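Enquirer: Sharing a structure, written as structure tokens. Questions coming.
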Amino acid sequence: MWISAAEAALLGGFLCLDRIVLQVMLSRPVITAPLIGLALGDPLTGLMAGAITELLWIDRFPMGTYLPPNDTIAAVLIAAGAIMAGKHTGGVSPELLAASVLLFVPAAYIARQLDMLIARSNDAAATAAVDDALGGDTRAIAVRHYTALAKTFILSSVFIFVLLLPGTVLLVYVFPGLPDCCMRTLVMVYWFIPVLGVAIALATIKVRGKLPVFAGLLLVAMIVFGLW
């Protein structure tokens with residue numbers, strides 16, 4: 001479990017860099033979670049976790065100084081937590097995936113605070129880089145850029161690892177002992193998420209006017225949910 005958690009944390013930390021520098025959509029949950037699933041040997045669960053997380057925050061996007069919840073980290077934790085716990089509980093079921101969602105969704109909001117700290121730190125570094133530029137010190141500017149990247153990677157990876165390992169242990173030891181009423185509730189949560197996603201996506205379509213993209217995403221998500 002330690003090795004799997006470390007692998008997920010390192011890969012998740014790298015994917016988080018896409019949010020600030022690469023920006024080729026690798027950090028979107030629908031891409032991030034399947035990659036985590038592929039690394040841990042269960043891409044289908046990764047796809048499911050990615051669809052769930054994408055639907056939950058499909059209407060949140062950075063605009064101006066607003067930082068949305070870190071859905072990349074949430075996707076990593078939900079996918080990795082479900083997959084790792086499933087290896088010790090007889091496989092990943094809809095109930096286990098729903099439990100992983102409920103457990104790790106708050107991490108997106110905690111990680112947003114981490115993003116704010118990193119952003120403020122980078123603002124200070126940017127001001128210092130301007131002074132370096134005025135002084136003609138190009139080497140110092142490059143060092144500040146690489147330092148900012150390393151800081152984001154390290155903090156994101158550590159954050160994921162610190163939450164993932166105890167969260168997975170909690171799922172392994174608590175989930176199998178849940179009573180039948182809790183299991184039925186988790187099934188209802190699992191099927192409620194696409195309905196919630198439809199409502200969120202409809203609001204997003206109204207704002208952003210990208211009906212074909214979101215309609216296609218919802219259709220794929222509903223098909224996958226129905227087949228799993």
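The values are calculated or read from the model by the stated rules, or taken from the named source; none is laboratory data. None of the values given here were measured: they were computed from a predicted structure. Reconstructed Cβ throughout: ideal geometry from the backbone, glycine too, with neighbour counts over all protein chains shown.
Enquirer: Just to be sure I understand, how many residues within segment 1-24 are part of a helix (DSSP H, G or I) and more than 21 Å from ALA148 (Cα to Cα)?
Expert: 7
Enquirer: Only one residue in PRO179, PRO166 is within 21 Å of the chain's Cα centre (by Cα), exposed (fewer than 12 other Cβ atoms within 10 Å of the Cβ) and not basic (Lys, Arg), so which one is that?
Expert: Going through PRO179, PRO166 in turn, just one is within 21 Å of the chain's Cα centre (by Cα), exposed (fewer than 12 other Cβ atoms within 10 Å of the Cβ) and not basic (Lys, Arg): PRO166.
Enquirer: In this structure, does ASP132 turn out to be in contact (Cβ under 8 Å) with a residue 12 or more places away in the chain and over 28 Å from TRP57 (Cβ atoms)?
Expert: In short, yes.
Enquirer: What is the residue count in segment 98-110 for residues that are out of contact with any Leu (no Cβ under 9 Å at 6 or more places or on another chain) and in contact (Cβ under 8 Å) with a residue 40 or more places away in the chain?
Expert: 1
Enquirer: Given the condition within 25 Å of LEU186 (Cα to Cα), hydrophobic (A, V, I, L, M, F, W, C) and buried (at least 24 other Cβ atoms within 10 Å of the Cβ), answer yes or no: does some residue in segment 11-29 qualify?
Expert: no
Enquirer: For segment 63-119, how many residues are buried (at least 19 other Cβ atoms within 10 Å of the Cβ) and at positive phi?
Expert: So the answer is 0.
Enquirer: So for segment 68-77 (the condition being under 19 Å from PRO166 (Cβ atoms), at pLDDT 90 or above and of a type in the set (Ser, Thr, Tyr)), does at least one residue qualify?
Expert: no
Enquirer: Consider VAL30 against the criteria (1) closer than 23 Å to LYS87 by Cβ; (2) within 11 Å of the chain's Cα centre (by Cα); (3) of a type in the set (A, V, I, L, M): it satisfies all of them except one. Which criterion is unmet?
Expert: Among (1) closer than 23 Å to LYS87 by Cβ; (2) within 11 Å of the chain's Cα centre (by Cα); (3) of a type in the set (A, V, I, L, M), VAL30 violates only (1).
Enquirer: Here's a follow-up. Is one or more of the residues making up segment 43-51 under 27 Å from VAL195 (Cβ atoms), buried (at least 23 other Cβ atoms within 10 Å of the Cβ) and at pLDDT below 90?
Expert: Yes, segment 43-51 contains at least one residue that is under 27 Å from VAL195 (Cβ atoms), buried (at least 23 other Cβ atoms within 10 Å of the Cβ) and at pLDDT below 90.
Enquirer: Let me ask something else about it. Does ILE3 qualify as being within 21 Å of TRP191 (Cα to Cα) and either within 15 Å of the chain's Cα centre (by Cα) or at pLDDT below 95 (or both)?
Expert: Working: within 21 Å of TRP191 (Cα to Cα): no; either within 15 Å of the chain's Cα centre (by Cα) or at pLDDT below 95 (or both): yes.
So ILE3 fails the test.
Enquirer: Quick check on segment 145-192: of everything there that is polar (S, T, N, Q) and touching a residue at least 24 places away in the same chain (Cβ under 8 Å), which residue is nearest to GLY81 (Cα to Cα)?
Expert: Start the filter on segment 145-192 by keeping residues that are polar (S, T, N, Q), which leaves 147, 152, 156-157, 168, 185.
Imposing the further condition that a residue be touching a residue at least 24 places away in the same chain (Cβ under 8 Å) reduces the set to 152, 156-157, 168.
Details: THR152: 22, SER156: 16, SER157: 15, THR168: 5 Å.
Among residues in segment 145-192 that are polar (S, T, N, Q) and touching a residue at least 24 places away in the same chain (Cβ under 8 Å), the one nearest to GLY81 (Cα to Cα) is THR168.
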